[in-house]
Amino acid sequence: MTNAAAELLAGLRQDHRNMATLLRLLHDETELIGGDKQPDFALLRDVMRYMTVYSDAMHHPKEDLIYAGLRALQPSLAEGLEQVEAEHEELARLGEQLQDDFEAVIAGTEIETARVVDNAKAYMRRLNQHMAWEEEDLFRRADAEIDRITIDTSHLSAIDPVFGETHDISFTELRHTVEHDAQ
């Protein structure tokens with residue numbers, strides 16, 4: 001019998017590696033804003049759509065399960081982790097704002113480029129901080145108790161639309177870019 005918590009934790013770590021790949025892409029394209037070379041705003045929109053659709057809707061709830069599993073096992077194991085859910089809400093808000101910015105640019109709406117860049121930097125900084133904290137704290141706590149954590153993952157069926165075995169056609173260009181950059 002496999003340990004659902006261990007599988008979930010391994011999947012979360014892979015998600016973090018995937019998100020780090022997309023954050024590098026987001027950073028590189030954002031650096032072009034206001035310069036001589038035009039960034040690919042459709043690609044930026046797709047990155048943020050992935051981050052808001054998959055990461056916020058599927059990845060973060062899985063992390064919440066790890067936190068809840070620790071808390072259920074022994075409340076003291078979850079001490080100091082109360083901010084997980086609030087940080088996920090903050091990241092969702094920042095991500096939606098950035099996605100809206102990219103949608104506005106694509107639609108031809110006048111938007112201050114400095115605001116777009118500031119919003120992108122804020123999102124990237126916050127998500128990098130959050131993932132680093134989870135790797136160093138939440139995931140290490142879970143590792144220490146992995147054989148004792150009980151998590152019901154039966155309701156989790158989401159396939160990663162970019163990095164998974166099955167691909168969502170609406171992310172085709174993003175997937176091609178990621179594969180090209182990996183070579």
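The values are calculated or read from the model by the stated rules, or taken from the named source; none is laboratory data. All values derive from a computational prediction rather than experimental measurement. Positions of Cβ are backbone-derived with ideal geometry, glycine not excepted, and every protein chain shown enters the neighbour counts.
Among helices (runs of 4 or more DSSP H) entirely within the stretch 69-171, having at least 3 residues that are in contact with a Lys or Arg (Cβ under 8 Å, 6 or more places away or on another chain) and more than 22 Å from Ala5 (Cα to Cα) singles out 83-106. Within the bounds of the stretch 9-24, is there any residue that is at pLDDT 95 or above and over 12 Å from the mean Cα position of the chain (by Cα)? Yes, some residue in the stretch 9-24 is at pLDDT 95 or above and over 12 Å from the mean Cα position of the chain (by Cα).
Under the condition of being more than 30 Å from Asp147 (Cβ to Cβ) and either among the small types (Gly, Ala, Ser) or surrounded by fewer than 20 Cβ atoms within 10 Å (Cβ to Cβ) (or both), the residues counted in the stretch 1-22 number 1.
Within the stretch 118-138, the only residue that satisfies the criterion of being in contact with a helix residue (DSSP H, G or I) (Cβ under 6 Å, 6 or more places away or on another chain) and of a type in the set (Phe, Trp, Tyr) is Tyr123. Within the option set Gln99, Gln83, being of a type in the set (S, T, N, Q) and within 19 Å of Leu138 (Cα to Cα) holds for one residue only, Gln83.
Restricting the stretch 121-167 to residues that are over 26 Å from Ala78 (Cα atoms) and among the charged types (D, E, K, R), the residue that is nearest to the chain's Cα centre (by Cα) is Asp160.
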